[in-house]
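The values are calculated or read from the model by the stated rules, or taken from the named source; none is laboratory data. Note that the structure is predicted; figures quoted are calculated from it, not measured. Neighbour counts are summed over all protein chains in view; Cβ atoms, including those assigned to glycine, are modelled from backbone coordinates with ideal geometry.
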Amino acid sequence: MDIGSILSNALAAAIGLDTIIYALAALGLNIQFGYAGLLNFGQAAFVAIGSYGIASMVTIAGLPFGVGIVVGLLASVLFALLLGIPTLRLRADYLAIATIAASEVVRLLARSNSLGAYTGGSNGLTGFAEGFYDLNPFPAGTYGFGPFQNNERTTWIFLVGWVLVALVALATWAIMRSPWGRVLKGIREDEDAVRALGKNVYAYKMQALVLGGLVGTLSGFVFSLGRAAVQPDNYATAFTFFTYTVLLLGGAARVLGPVVGAAIFWVVLSLTDGLLRGAIAAGWVPDGLMTTTQVGQVRFMLVGLALMLLMIYRPQGIFGDRRELALDGR
Amino acid sequence: MRRAATALVALVLAVMAVVVGSSAATAATPAPAPSASEGTTAQAGGAAAGGLVINARVRTQEGDDVPGATVDLLQGGAEVSTAETDAQGTAQLQVPSPGDYVVRLDVDSLPAVAEGLEPREAEISTSVQEGLGRTVAFRLSEPGTDTGAAASTGDQVLQRVATGLRFGLVIALGAIGLSLIFGTTGLTNFAHSELITFGALSTYFFTAIAGLPFLLAAAFGLVASAAFGYLNDRGLWQPLRRRGTGLIAMMIVSIGLSLFLRYLFLYVFGGGVRTFPGYAGQAGVQVLPGVLLRPLDLWTMGLSAVVLVVVAFALVKTKLGKATRAVSDNPALASASGIDVDRVIRTVWIVGSALAGLSGIVLGLQQGISFQMGFQILLLVFAAVTLGGLGTAFGAVLGSIIVGLFVELSTLVIPTELQNLGALVILILILLVRPQGILGRAQRIG
């Protein structure tokens, strides 16, 4: 077992594509759940809309990828409005069920044969990312140092991704200390009190949903461009559950919580993955106990267990403040 | 804190113990290839070694793989390549270049397993892009049970009503427990789907691996489900309630538990769809003019209906049933009037889990057993419970029948692949119009 390469892979995962995707998705979720207390379990749908926005516009309609970005953002706002109008007045548990159903509707539509002409059906779409990589300012070569060495394409998407993460984090920090952000946190703490102060709670919730959804859509852009492929089952409910784990790990209602959470999450998963695979390859695992296929399944079990334990023992995560969590049923 | 931790560990160990037992036995049977919908790790058919490939999958309606069937690849009417399905019912057809193709199932080559079955369509058109494989699926069924093109609309409606009722009863069995658990404890239990799956998996373990006759195995499966539900409550939810954990926090815990159990099932059971031995490919019989159902379906529908009536009777007439409804209505008041709330909650967990297990067994008989069979119908169960009114037992049954009928009848208008979508849209719409559900009491839910 090559401990060195396993460790270096795990380190590289700290800034890797998955970390960027989940950091952005969790930053969006942080606005909705962390600050506004909205239990949105449909974040995967916003990510899917971003991914398919680019993929469908470029592959099917043959338009430049900039158009895909605009379409993705507009579609995301539209979806947030459609989702928010019936659900935002509901109690938290109803909201969770309704949003999870809506995100499955989006996925089922994307993988259906009826819409296959626009979405590629269950096989998804490929070959739409070249417009983005044509803008790559890096000449061919290897960039970086130590475990963080990548070719020019990966370096380009990493750069764009981390710039997006930084901008979103900065924007979150700025708006959450503005009067608007204070009202949002007030809604999380006591909706009726805010309503009594004459604020339109419904409108604030809707704005938070749209804003968080837009950030999720950014995550979808990085997802589709980084993988250069979209596949509908990547946007299943598991994506949303992973995002919640990331957010709760780092700490909800903290600006950098999602970013740190995503980095730790993927380092730990990469490490356990590498160690288990290494142990199987070295023959340390008895026959019939675990195969390399099953290593991928252990990952999901670990995430499920982590989500339970976090919620039971440390719901505020690493950096959070327990008093700032919207966890009491209202 | 410590109590909750030991309890949690005990629960996990208990699950492991059940599961490892079957794991050893599972290793003996060849594990089927993971299904394409296996979480986020799924890849599109992919360019396998040696160029482009179309995977043709041949299965019966019950989910049995059909080996030894010949599949041809045609382009412009000329045969390009041919292949035979393997033990997993999959044939790999080599594709020379991207383009439009027709995949044809040679009906005469169907083996004895598929005796008397017909594909819904013997030819499927597909197009292959550079670098991307395709998967096409042939589904075999008894002539007439599928959306037969020849059947008249009236007959189709009747047939859909029959299968809708069949599906609705399965949902109802799962929904009662979910609704009562919500009513008595306030927990929105996303791990309820795993209780459904557990019933089918444990029965499969007792019949296919331990070799018991099916009915005995099903009885053991129900007992195992009830015990599993009890352990769930005793090991996890009761300690959490005692700590005063918030409802939202408990809901997120249940999502974690659901994810953990589902992938534990996948780890042990594998990604394939299996059937209870001896219950595949039963021929349909004419029940009413135009309505074909298997004798098996009639039995399970009758059994489900009887069980539901018994549960309803118990809720209305027995002391414990009345206590359950009282706790569901107002736990504090029930407790003050001398009802042992803990005992009621324990009973609800045990009975609710056994009913969920029964729902899983019946569902397994209808469409095969897989690690995510419960999760696949979870949102429909939620839709049914919400439609009927969260927390009410009778509402849950009513909502389930409506959802079952709606899902099946909607296929007369929309493609079958989108049938669940209609129910989910209904779920969102009902929340807009009457959020408390049909039988729910109007209260503040916003």
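Here is how the numbers come out for the structure above:
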read-out: Residue in segment B:346-365 that is within 14 Å of chain A (Cβ to nearest Cβ), more than 30 Å from B:Ala423 (Cα to Cα) and out of contact with any Lys or Arg (no Cβ under 7 Å at 6 or more places or on another chain) present; value: no
read-out: Residue match in segment B:269-279 (condition: over 15 Å from A:Phe300 (Cβ atoms), within 11 Å of another protein chain (Cβ to nearest Cβ) and either assigned to a helix (DSSP H, G or I) or without any contact (Cβ under 8 Å) to a residue 60 or more places away in the chain (or both)); value: no
read-out: Selection within segment A:90-113 - closer than 19 Å to B:Gly391 by Cα and more than 7 Å from every other protein chain (Cβ to nearest Cβ); value: A:Leu95
read-out: Cβ pairs under 6 Å, 6+ apart, first in segment B:194-217 and part of a loop (DSSP other than H, G, I, E, B), second surrounded by fewer than 24 Cβ atoms within 10 Å (Cβ to Cβ); value: B:Leu212/B:Phe206
read-out: Of all residues making up segment B:246-263, the number that are within 15 Å of A:Tyr313 (Cα to Cα) and more than 7 Å from chain A (Cβ to nearest Cβ); value: 2
read-out: B:Ile377, sole failed condition from (1) closer than 14 Å to A:Ala98 by Cβ; (2) among the hydrophobic types (A, V, I, L, M, F, W, C); (3) within 14 Å of the chain's Cα centre (by Cα); value: (1)
read-out: Among (1) out of contact with any helix residue (DSSP H, G or I) (no Cβ under 8 Å at 6 or more places or on another chain); (2) on the phi > 0 side of the Ramachandran plot, the one test that A:Gly121 misses; value: (1)
read-out: Criterion: within 14 Å of chain B (Cβ to nearest Cβ) and in contact with a helix residue (DSSP H, G or I) (Cβ under 9 Å, 6 or more places away or on another chain) - qualifying residue of A:Val230, A:Val194, A:Val255, A:Val210; value: A:Val230
read-out: Boolean, B:Gly391 is in contact (Cβ under 8 Å) with a residue 60 or more places away in the chain, of a type outside the set (A, V, I, L, M) and more than 12 Å from every other protein chain (Cβ to nearest Cβ); value: no
read-out: Any hit, segment A:31-51, residues being within 17 Å of A:Ser224 (Cβ to Cβ) and of a type in the set (Val, Ile, Thr); value: yes
read-out: Helices (runs of 4 or more DSSP H) wholly inside segment A:112-201 containing at least 2 residues that are among the polar types (S, T, N, Q) and surrounded by 14 or more Cβ atoms within 10 Å (Cβ to Cβ); value: A:152-176
read-out: Candidate set: segment A:318-330, residues that are more than 12 Å from chain B (Cβ to nearest Cβ) and under 15 Å from A:Tyr35 (Cα atoms); chosen: the one modelled with the highest pLDDT; value: A:Phe319
read-out: Residue satisfying all of: in segment B:230-264; among the small types (Gly, Ala, Ser) and assigned to a helix (DSSP H, G or I); farthest from A:Ala306 (Cα to Cα) among these; value: B:Gly235
read-out: Condition check for A:Ala263: part of a helix (DSSP H, G or I), surrounded by fewer than 24 Cβ atoms within 10 Å (Cβ to Cβ) and at pLDDT below 95; value: no
read-out: Which listed residue, of A:Val246, A:Val222, A:Val230, A:Val215, is farther than 22 Å from A:Thr154 by Cβ and either without any contact (Cβ under 8 Å) to a residue 12 or more places away in the chain or touching a Gly at 6+ places or on another chain (Cβ under 9 Å) (or both); value: A:Val215
read-out: Test result for B:Ala396, crowded, with 21+ Cβ neighbours inside 10 Å, within 10 Å of chain A (Cβ to nearest Cβ) and closer than 30 Å to A:Ser112 by Cβ; value: no
